[in-house]
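I have placed the structure first, in the form of structure tokens, so that the comments after it can refer back to it.
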Amino acid sequence: MGYKRSIFNVFIEEFDDGRVLIYNTYSGIFGIMDTEAREIYDAIEKFGFHDSQADSAREKLTIMLKAGYIVNAAKDELTVVKLERNDKRQNNTSLALTIAPTMDCNMNCPYCYENKSAATMCDEVQRQLLAFVDVHFKVKSNLKNLRVTWYGGEPLLQKDVIYKLSEKFIRLCEENGKGYSAGLITNGVFLDVETATHLVDNCKVSDAQITVDGMREKHNARRILSNGDDSFEIVMKNIEACKDIIPINVRVNTDKDNADEIDILTKFFLDEMGWRGNPQFYLSPVEMHEINSCGLYDSLCLQGQEFADISLKSIRASYAADRGTVARSFFPTRKAVFCTGEGTDGYVIDPDGNYYNCFRHVGMAEHATGHISMPLLITEKYGEWLLTDIKEKCEKCEYLPMCMGGCALYRLNGNQEPNCFFTSFTYKGILKLAYEDYEIHKQKQHVK
């Protein structure tokens, strides 16, 4: 039986003594190759299991096979990944709904891609939405649960809609023997203690995402309340008041406008606020696609490595302050598809009942891929999303299992070059940190 090197291996770092840090993006296994293993790896076409082999060589071959660093010479790894992608796109176990009960918002953020409107979800659309879910449950036996993400606009402008629909979703899931869970994406202004408690206790909302874009002056210049109030003060007070009621993820939208403040903000979160574990915070780059793209903001967007350098510095600071939380997310995981928009059973729904495959389109009826009054209907635009392919350049990339070609919207807009997902630029830095952590704790164990 012959072997070959996996096409999904990434060398993270090579040491002077010949050892190599290696990560396989398909298996997700991170390892250290010593010089003997490296020699076998480099000449793997000549190696096989046989009786005359040294025990150490046989052992290293076995380990490399289990880790996925080497594979059967006849294996077509790219075909395996493509087949898994096709299966995942059609055979989901979860019906994922991102629901915007309103497209109205109490903020005017300069980088927002949405068309703000006063549209809210009326009773008839709510009824159609429940029927839409019920049809999916009855027709698709593979569905085991319903996952709802409340979105907007600002969803908490329509708390009553969220409360009413949540109650009916939960009852519908119980009647059909399905699980139910929910999350919330909010600017945080209306997430007070009473609201958070009701969302957790009555609506099964298990987590909330809130954006903080800098210290007070910078945040207020980017997260602009329509009434002119101090959004930083309001949001920070609400996070502190609600963090023990609901787990909170703080997102920092990052571009050239606030990049020089990230170090200060990280220190503020960790040292002054004492955030450890909950709330957690992370950086996300402001990205522009053709949708409502503004030339000014295009020029403010960070390039991949620019963002990675800023993000890794913040991650290292978080690690120094709170090893446990950071260590739990050291290792990136592969995905069968980049996002739910490329498969069935994932919908973004606006207040009028139009659904979309991408959250960047929400509220733009000209980009709708269907309407909830016609469940399971395959329209031309919906079909375009379900038939997206992976670019040839991406097929040749060792990071393919981690991003699966990146954003489908970017590809559907006709861009010919790959749009590498921003986390691909941070993988090596995070894995180097994971190795440093391993060495530190190995030395501590040795001292004991």
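All of the numbers you see were taken from the coordinates with simple rules; none came from a lab. Everything quoted here is computed from the prediction, not taken from an experiment. Here Cβ is always computed from backbone atoms with ideal geometry, including for glycine, and neighbour counts include all displayed protein chains.
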Cross-link pairs 88/396; 116/237; 140/381; 88/218 - those with Cα-Cα distance over 31 Å: 88/218
Please get the size of the charge dipole for the stretch 76-448, origin at its Cα centre, with Cβ charges of +1 on Lys and Arg and -1 on Asp and Glu, quoted in debye to the nearest 20. 1240
Among 172, 312, 379, the residue whose Cα sits farthest towards the positive end of the charge dipole of the chain, when +1 is placed on the Cβ of each Lys and Arg and -1 on the Cβ of each Asp and Glu, is 172
GNM on the chain, Cα springs under 10 Å; top mean-square fluctuation among 328, 222, 147 goes to 328
Cα radius of gyration and Dmax for the stretch 3-75 (Å): 11.7, 34
I'd like the antiparallel share, as a percent to the nearest 5, of DSSP beta bridges with both residues in the stretch 76-448. 15
Provide the three semi-axes, in whole Å and in decreasing order, of the ellipsoid equivalent to the chain as defined by the square roots of 5 times the Cα gyration tensor eigenvalues. 41, 29, 21
Dipole of the chain [Lys/Arg +1, Asp/Glu -1 at C-beta], most positive-end residue of 23, 155, 109: 23
Given the pairs 393/428; 204/335; 4/66, which are separated by over 23 angstrom at their Cα positions? 204/335
With the Cα gyration tensor of the stretch 9-149 in hand, convert its eigenvalues to equivalent ellipsoid semi-axes via √(5λ) and list them largest first in whole Å. 52, 22, 11
With +1 at each Lys and Arg Cβ and -1 at each Asp and Glu Cβ, the charge dipole magnitude of the stretch 3-75 around its Cα centre, to the nearest 20 debye, comes out at 460
Between the stretch 309-372 and the stretch 92-162, what is the C-alpha centre distance in whole Å? 15
Taking the Cβ of residue 126 as the center, what net charge do the other residues with Cβ under 10 Å away carry, scoring Lys and Arg +1 and Asp and Glu -1? +1
Using +1 at the C-beta of Lys and Arg and -1 at the C-beta of Asp and Glu, which of 145, 203, 44 has the Cα lying farthest in the positive direction of the dipole of the chain? 44
Once the other residues with Cβ under 14 Å from the Cβ of residue 368 are scored (Lys, Arg +1; Asp, Glu -1), what is the net sum? -3
Set of lysines with alpha-carbon distance to residue 442 below 20 Å, sequence-local pairs under 8 removed: 432
